[in-house]
């Protein structure tokens with residue numbers, strides 16, 4: 001059986017990439033991102049708030065995201081996150097690296113069969 | 001959707017999170033609590049009850065640790081850390097001989113560590129308060145007991161002043177270096 005710690009490590013490595021990718025099509029708030037990532041990954045990524053929010057704040061500190069409080073029609077204030085230009089560049093670079101990595105791992109795994 | 005008791009449950013949970021974020025500044029805490037309130041409200045709506053939503057939430061201490069990793073320490077912790085540096089600096093007065101050199105090296109290490117973990121502002125503050133305290137103590141020694149503590153030669157005086165002045169510099173530079181290192185790193189996955 002697969003060690004759950006190992007699975008967690010693998011997931012951890014791709015969370016920032018997933019978070020930023022969800023913002024490519026426009027601004028979103030935290031709860032929306034959790035749902036979208038969970039739905040798109042068919043439940044594989046079910047982020048907890050203690051993972052998502054500190055990651056969002058860290059990405060904002062690094063200049064990859066910026067946030068804004070917007071009050072919706074129901075009068076509830078929501079904190080929306082937007083990708084910055086720097087964030088888009090970083091995501092593109094990380095995505096290219098991710099493609100290289102997964103391709104390389106697949107080749108090695110296939111060779112071992 | 002949420003009645004007064006549901007709101008009270010949400011606020012009680014958020015209160016525990018706020019309490020667990022001991023070292024963060026109140027402005028940062030307010031922002032985080034607001035965002036978590038919005039999250040909890042949506043989660044309660046999705047789950048049909050606040051109780052179910054709260055069961056899914058992480059322990060306040062675990063949440064707080066995640067944010068502490070991002071933000072470092074707030075003014076309260078900064079004051080405590082600066083006070084630690086000040087106390088340590090009192091053992092760096094030259095009249096203590098060899099011990100003072102050893103403690104001075106420790107003090108530099110302390111300022112660098114504070115800067116790395118708490119940020120350059122707190123590191124700088126720590127070094128500044130330590131530098132001022134050691135200079136003030138030496139000046140007080142000379143002034144109050146001139147017969148016991150002789151004014152040193154110019155070279156020793158310059159060395160002492162340099163040792164004090166570089167404390168805040170070390171405190172700021174370590175945090176600045178860390179910040180630049182983090183900013184310069186590509187996005188990790």
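The values are calculated or read from the model by the stated rules, or taken from the named source; none is laboratory data. These numbers were taken from a predicted model, which means no experiment stands behind them. Here Cβ is always computed from backbone atoms with ideal geometry, including for glycine, and neighbour counts include all displayed protein chains.
Data overview
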| item | result |
| --- | --- |
| Subset of region B:34-64 [out of contact with any helix residue (DSSP H, G or I) (no Cβ under 8 Å at 6 or more places or on another chain) and either over 15 Å from residue B:11 (Cα atoms) or touching a residue at least 60 places away in the same chain (Cβ under 8 Å) (or both)] | B:45, B:48 |
| Failed item in (1) surrounded by 15 or more Cβ atoms within 10 Å (Cβ to Cβ); (2) not assigned by TED's automatic domain parsing to the domain that holds residue B:21, with residue B:101 passing the rest | (1) |
| Given (1) touching a helix residue (DSSP H, G or I) at 6+ places or on another chain (Cβ under 6 Å); (2) at pLDDT 90 or above; (3) within 9 Å of another protein chain (Cβ to nearest Cβ); (4) in a helix (DSSP H, G or I), index of the condition residue B:70 fails | (2) |
| Flag if residue A:56 is more than 7 Å from chain B (Cβ to nearest Cβ) and not in a helix (DSSP H, G or I) | no |
| Hits in region B:3-27 (condition: closer than 17 Å to residue B:44 by Cβ and at pLDDT below 90) | B:3, B:4, B:5, B:6, B:7 |
| Residue identified as crowded, with 21+ Cβ neighbours inside 10 Å, part of a helix (DSSP H, G or I) and within 14 Å of chain A (Cβ to nearest Cβ) among B:107, B:128, B:40, B:54 | B:40 |
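To keep it simple, each residue is scored yes or no on (1) free of Cβ contacts under 8 Å to residues at least 40 places away in the same chain; (2) more than 12 Å from the chain's Cα centre (by Cα); (3) at the interface with chain B (Cβ under 9 Å from one of its Cβ atoms); (4) exposed (fewer than 14 other Cβ atoms within 10 Å of the Cβ).
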| position | (1), (2), (3), (4) |
| --- | --- |
| A:31 | yes, yes, yes, no |
| A:34 | yes, no, yes, no |
| A:39 | yes, yes, no, yes |
| A:48 | yes, yes, yes, no |
| A:62 | yes, yes, yes, no |
| A:74 | yes, yes, no, yes |
| A:79 | no, yes, yes, no |
| A:93 | yes, yes, yes, yes |
